[in-house]
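Down below is the structure, laid out as structure tokens.
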Amino acid sequence: MIQVWLSVFHPFYVSITSIDHNQQAQRVEISCRIFFDDLEAALKADSHREVDLIKGADRQVIDSLLGSYLRRHLRLSVNGKALQLQYLGYEIEDDVAWCYLEAGNVPRVRQLTVDNRLLLDQFPKQSNIMHVTANGQRKSTKLDNPERHAVFEF
């Protein structure tokens, strides 16, 4: 009997980024939900090395590559001031990677500008959905490649 291994690919390319202003802690908290195989492809293209987010032998190296990629491909500014994003880590849940970042010293959000280029270089049909919460309001948008900029007013 011959076994045939079929690789199941997801039929769409999408990431979901949630950006929440924690007013009490005066920080912006970010979580990105990205299909881990797509993220591995982006990291491989970016670093020219194999990346395995599930069985990665050297978590420190993977965290360094992932943090660098995320900070270069996801940029935020609040009230006209660029934020310095700090990479916190990632975890795998089913077929997605949850990646976490934050930026401190953000007491108030009136305007949040996002430059989201996650996976745009790898997938022509990539869409990046963003949910932003500040001042008790939640706003959302979807950017289809090559769109990468969004402005949220609160």
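What follows is calculated from the coordinates using simple rules that are stated; it is not laboratory data. Quick caveat: nothing in here was measured; it's all calculated off a predicted structure. Cβ placement follows ideal geometry from the backbone for every residue including glycine, while neighbour counts extend to all protein chains displayed.
Odds and ends about this structure:
- Exposed loop sites are taken as trypsin sites (Lys or Arg not before Pro) in a DSSP loop (any state but H, G, I, E or B) with at most 11 other beta carbon atoms within 10 Å; the longest stretch of the chain without one runs 56-124.
- Dipole magnitude (debye, nearest 20) for the chain, charges at Cβ of Lys, Arg, Asp, Glu: 720 debye
- Max-minus-min Cα coordinates of region 37-139 on each principal axis give 41, 30, 25 Å, with the largest extent listed first.
- Relative contact order %, the chain, counting alpha carbon pairs below 8 Å whose residues are six or more apart: 28 percent
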